[in-house]
Amino acid sequence: MPESDTRTVRIIRPAQFTDCVRSYTIIVDGRRVGKIAQNSVLEFEVPQGRTTIKAQIDWGRSPTLTIEPTTTETIEIMVRNPWNPLFTLFAITFGFRFYLKLDRLSPPSRPA
């Protein structure tokens, strides 16, 4: 795929106590593109147009995030576990479809 037909996606995973020794698998358009450990960054290229991204760890996963990269800007997404440790039992049973959360971060502001 020519470089001009792709866009960079940067997944950021902050440090958290929950899942601190486990990596999350990142799935793009149904394919695994890599794993991301705590307090790290994963970058990959996606084609221009609609792309779906999910995160997964064992049985837990995130809802699908759909992006449509159309510019040359890097798209930044944060992956994290949004659950309070007090709700762990609920999170790993009934909440497994929402165990992880993907948030698209605002594009960086440009100086005027």
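Values in this text are rule-based calculations from the coordinates and carry no lab data. If you're wondering where the values come from, they're calculated on a predicted model, not measured in any experiment. Neighbour counts are summed over all protein chains in view; Cβ atoms, including those assigned to glycine, are modelled from backbone coordinates with ideal geometry.
Things to note:
- Along segment 7-23 the Karplus relation, 6.51 cos²θ - 1.76 cosθ + 1.60 evaluated at θ = phi - 60°, assigns HN-Hα couplings of 10, 8, 10, 10, 9, 10, 10, x, 6, 9, 5, 5, 6, 5, 9, 10, 8 Hz to successive residues, with x for each Gly and Pro.
- Amide H contacts of S40 (H built 1.01 Å from N, under 5 Å, at least 5 apart or other chain): R13
- With each label modelled as a point 7 angstrom along the Cα→C-beta vector, the S106-K35 pair spans 3.5 nm.
- Highest-fluctuation residue, T51, T72, T18 considered, GNM on the chain with Cα pairs under 10 Å: T72
- Top of S23, S62, S40 by mean-square fluctuation, Gaussian network on the chain, Cα under 10 Å: S40
- Nonlocal amide H pairs with E76, under 5 Å, H built at 1.01 Å: R10, L105
- Whole-number percent relative contact order across the chain, with pairs defined as alpha carbons under 8 Å at least 6 apart: 28
- Cβ-derived FRET efficiency at R0 35 Å, T93 paired with T8, nearest 0.05: 0.45
- Within the chain, helix-based [θ] at 222 nm, where runs of 4 or more DSSP H residues each add -39,500 (n - 2.57), nearest 500: -1000 deg cm²/dmol
- Per-q log10 I(q)/I(0), the chain, q = 0.12, 0.17, 0.18, 0.21 Å⁻¹ (Debye; single scatterer per alpha-carbon; no solvent): -0.43, -0.81, -0.89, -1.13
- In order through segment 39-51: 3J(HN,Hα) via Karplus (6.51 cos²θ - 1.76 cosθ + 1.60), integer Hz, x for Gly, Pro: 6, 9, 10, 10, 10, 7, 9, 10, x, 5, x, 5, 9
- Rounded to the nearest 20 debye, dipole of segment 3-104 from Cβ charges on Lys, Arg, Asp, Glu: 420
- Nitroxide proxy distance, nm - points 7 Å out along Cα→Cβ at C20 and T74: 2.7
- When the charge dipole of segment 9-109 is built from unit charges on Cβ atoms (+1 for Lys and Arg, -1 for Asp and Glu) and taken about the Cα centre, the candidate among G30, T51, T93 whose Cα reaches farthest toward its positive end is T93.
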